[in-house]
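**Q** Got a structure here, written out as structure tokens. Questions coming.
The values are calculated or read from the model by the stated rules, or taken from the named source; none is laboratory data. This structure is a prediction, so every number in the text was calculated from the model and none was measured. Here the Cβ positions follow ideal geometry from the backbone for every residue, glycine too, while neighbour counts run over all protein chains shown.
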């Protein structure tokens, strides 16, 4: 017969082992999620027919280099994220998961580690992107981009029919609020996608496209007056880009809110490449 003292000792030993096992499992899961793979659930149909709503995607966190945070992940600013072993970069047609840069509004970039998108990479840093009759094109790239069948549906869209088919998606794409541009889901561009080291001269024409990217990099607000731009009251003329950007789009072109509407994605926002849908 086991004494009360022996029973308590055995119970204490079991508790210690249980705690140890839980800590080991937590550590293994943390390492796997940080350095290897992580899973996400896809809530919407923006990637149909490739990914159905409710499916999960497995993301390789090492595909483009492991992201490391050198600040509080809850208050990330530009420069807080670095990559380990980043010899590889997203390529045309890669399906990637990235933090949503425009979850607050489409006029500025913000970071939230809990806000994610899964989209297809259409244009890379240094590319010039265009849409003609609903079809995606990158100058100098001869392969197909995205889902051609779904882009053929956009070819049939008019300004009036788009509102009738899907009132949540605007016929006009970014920067639709600027009088110089008349871009829409059928005709858009040319749009140059900045790469690291590019010098972007800020003027009234390209400010609607690049101003929010530069503000993210310098961590300051750029103001405009009489066609000129200022930072902290000093004239601001140009900026050398510190990282590359990407144009991301959903395969279901008629039902995807993506870079056509809110703009380009900073490289540091990219989590990794989708390697499995389940």
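**Q** If residue 107 meets every condition in (1) out of contact with any strand residue (DSSP E or B) (no Cβ under 8 Å at 6 or more places or on another chain); (2) free of Cβ contacts under 8 Å to residues at least 24 places away in the same chain apart from one, which number is that one?
**A** Residue 107 satisfies all of (1) out of contact with any strand residue (DSSP E or B) (no Cβ under 8 Å at 6 or more places or on another chain); (2) free of Cβ contacts under 8 Å to residues at least 24 places away in the same chain except (2).
**Q** Sort through 105, 100, 133 and tell me the only one that's under 26 Å from residue 183 (Cβ atoms) and in contact with a helix residue (DSSP H, G or I) (Cβ under 7 Å, 6 or more places away or on another chain).
**A** Only one candidate passes the filter, namely 133.
**Q** Could you say whether any residue in the range 248-262 is within 18 Å of residue 195 (Cα to Cα) and either assigned to a strand (DSSP E or B) or in contact (Cβ under 8 Å) with a residue 40 or more places away in the chain (or both)?
**A** yes
**Q** Also, quick follow-up: Find the residue count for the range 200-241, including only residues that are buried (at least 17 other Cβ atoms within 10 Å of the Cβ) and either in contact with a helix residue (DSSP H, G or I) (Cβ under 6 Å, 6 or more places away or on another chain) or in a loop (DSSP other than H, G, I, E, B) (or both).
**A** Counting residues in the range 200-241 that are buried (at least 17 other Cβ atoms within 10 Å of the Cβ) and either in contact with a helix residue (DSSP H, G or I) (Cβ under 6 Å, 6 or more places away or on another chain) or in a loop (DSSP other than H, G, I, E, B) (or both) gives 6.
**Q** Another question, then. From the residues in the range 170-191 that are part of a strand (DSSP E or B) and within 19 Å of residue 250 (Cβ to Cβ), which one is modelled with the lowest pLDDT?
**A** Ranking the candidates gives 172 first.
**Q** Which of the residues that make up the range 113-133 are under 16 Å from residue 191 (Cβ atoms) and at pLDDT below 95?
**A** Those that are under 16 Å from residue 191 (Cβ atoms) and at pLDDT below 95: none in the range 113-133.
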